[in-house]
Amino acid sequence: MKGRILILEDSEHTGALYQSALEQAQFPTLWCDSLQKALAAAKQEKFRLVLTDLMLPDGSGFELVSKLRADFPDVPIIMITGHGGVEEAIEATKRGAYDYLEKPVDMIELLHLIRQALDRAGAQILPIPSDVDENGIAIARDITLIGHSRAMQSIYKDIGRAAVQPVTVLIRGETGTGKELIARAVHSHSPRNQKQFIAVNCAALPENLLESELFGHERGAFTGAHNTRVGWFEHAQGGTLFLDEIGDMSLATQARVLRVLQEKVIQRVGSSKDISVDVRIIAATHRDLEKMIAEKTFREDLYHRIAMALIEMPALRERASDVPLLAMHFLKKYSEAFSIRNPGIEAEALDVLGTLAWPGNVRELENVMRRLLLSARGLPITLRCVRDICADLPKPAEDAVPTTRSFSMQDWIDQALDHAQDVNSEGIRNRLISELDRALLAKTLARNHGNRTRTARMLGLTRPTLLSKMREYGIDQESKSTLVPPPEENS
């Protein structure tokens, strides 16, 4: 191996721990306990990789990332954060960090990430454009991203990477997952953030009106066109145009959008004059564009143009551990909006919200919390309130292991016995114990945000035993944090 790994950590105990683990893995290291010492070392030596804490006594890890990017753009940087905050996650990747980990750090996970970063030789490391402020661009105040699940941590990284690259972005996900919010976050963190962000819902307008809205029209271009109108492409000059539900756009309009992406010009409806535009396009859809391409209802060339950076939004059921956070956020938001005292919500009621399927995703949860607040009339939201308002929402499978305090262990055993049929008693016992063990393991992993060391400690297991059980039950070690145990998988 050539070159050392630079460790920047002000805690003597933690720094020694990192250094020992890396040295044992045959990675030569240099450990510095301050930003100034690390910067001085970087002037004398080119390191293979940098591992830095975010909070330092004489600065922040962000400063080190920004300064090293200029001189060593190909050196991977891994940041360690005390908590997985949204802005820290986005800022780390936006400034060019390869990845980040939350404390306490799992050493096996850290070593895996280091090897991965070195193997990729900094392929994903991009310098920050010179017109981005040294201190970074703070997320806009009207944009609130909620979630600490693995799925959302991945989204925050995607936002940071997409924001600094001058490419089109395609955001895919089910209806109600918050695709426009992600588009606004990308714009807010991009060098275009001082210019306009304009959102257009392509599914809400008929074809002829959509073309007029996007490209504008000349006077007399069609019946009722009494005046010349400037379209959204021109209004968004220098900024970002968000084309929501682009999968609902007609082939004719798709062709016009493709020309904008290829030639950076538009023509107003009723005109043959080219008008130059400088607009970044972010598109979104809930549709299967690959299937539409096969059916000849979506242009393949346009797909490749808009999907230069791809962000896949998870459904709410895929990040169920975020449901309590979102529910509390919406409760606070609407109690302030309606000037109603925040009544609070019972823990059992919050647990039940985390077990529902939420086919309408975050938008549906937001609507439910608004209804719960209004129906509570200033009193705490109870389990009964939730059950009444959510009566029509899909529930977990009948044979699922209970995940709320309102569902007793006896109920679960009774259900299992009812479905036992011809299975002998020994088989029932073994199956129930196995299901409970798996659910307990999955739940504990979720509570610890996937941290296997903390999970093993909480369950009273050795780490090798925990990993063995995860393999036995088919629980992916990189699985998303979730309140609901994942479905059985064949390993």
The stretch 61-106: number of residues that are in a strand (DSSP E or B) and of a type in the set (G, A, S): 0
The lone condition A204 fails out of (1) more than 28 Å from the chain's Cα centre (by Cα); (2) modelled with pLDDT under 90 is (1)
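State the number of residues belonging to the stretch 259-275 that are assigned to a loop (DSSP other than H, G, I, E, B) and at negative phi.
Let us first name the residues in the stretch 259-275 that are assigned to a loop (DSSP other than H, G, I, E, B), namely 264, 267-268, 270-274.
Okay, now just the ones that are also at negative phi, so 267-268, 271-274.
So the count comes out to 6.
If we scan the stretch 300-317, do we find a residue that is assigned to a helix (DSSP H, G or I), among the β-branched types (V, I, T) and out of contact with any Phe, Trp or Tyr (no Cβ under 9 Å at 6 or more places or on another chain)? Please lay out each step first, then the result.
Step one: list which residues in the stretch 300-317 are assigned to a helix (DSSP H, G or I), which gives 300-306, 316-317.
If we keep only those that are among the β-branched types (V, I, T) too, we end up with 306.
Imposing the further condition that a residue be out of contact with any Phe, Trp or Tyr (no Cβ under 9 Å at 6 or more places or on another chain) reduces the set to 306.
Yes, some residue in the stretch 300-317 is assigned to a helix (DSSP H, G or I), among the β-branched types (V, I, T) and out of contact with any Phe, Trp or Tyr (no Cβ under 9 Å at 6 or more places or on another chain).
So which of L181, L110, L118 is of a type outside the set (V, I, T), in a helix (DSSP H, G or I) and modelled with pLDDT under 85?
Working: L181 fails: modelled with pLDDT under 85; L110 fails: modelled with pLDDT under 85.
The unique qualifying residue is L118.
Working carefully through the options K333, K291, K296, find the one that is closer than 21 Å to I182 by Cβ and surrounded by fewer than 20 Cβ atoms within 10 Å (Cβ to Cβ). Talk me through it step by step, then tell me what you get.
Working: K291 fails: closer than 21 Å to I182 by Cβ; K296 fails: closer than 21 Å to I182 by Cβ.
Being closer than 21 Å to I182 by Cβ and surrounded by fewer than 20 Cβ atoms within 10 Å (Cβ to Cβ) holds for just one of K333, K291, K296, which is K333.
What residue, among those in the stretch 187-210 that are in a helix (DSSP H, G or I) and polar (S, T, N, Q), is farthest from V167 (Cα to Cα)?
Taking the stretch 187-210 as the starting set, the residues that turn out to be in a helix (DSSP H, G or I) are 187-188, 202-204, 207-210.
The next check asks that each one be polar (S, T, N, Q); those that pass are 188, 208.
Numbers: S188: 15, N208: 28 Å.
Out of the qualifying residues, it is N208.
For G238, indicate whether it is crowded, with 20+ Cβ neighbours inside 10 Å, on the phi > 0 side of the Ramachandran plot and in a loop (DSSP other than H, G, I, E, B). Let's see the steps before the verdict.
Numbers: crowded, with 20+ Cβ neighbours inside 10 Å: no; on the phi > 0 side of the Ramachandran plot: yes; in a loop (DSSP other than H, G, I, E, B): yes.
Spelling it out, it is not the case that G238 is crowded, with 20+ Cβ neighbours inside 10 Å, on the phi > 0 side of the Ramachandran plot and in a loop (DSSP other than H, G, I, E, B).
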Is one or more of the residues making up the stretch 415-431 at pLDDT 80 or above and loosely packed, with under 13 Cβ neighbours inside 10 Å? no
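Specify the residue that is surrounded by the fewest Cβ atoms within 10 Å (Cβ to Cβ); the eligible residues are those in the stretch 264-288 that are farther than 17 Å from E174 by Cα and of a type in the set (K, R).
Going through the qualifying residues, I end up with K273.
The values are calculated or read from the model by the stated rules, or taken from the named source; none is laboratory data. Everything numeric here is computed off the predicted structure, so don't read it as measured data. Virtual Cβ from ideal backbone geometry, glycine too; neighbours counted across all protein chains shown.
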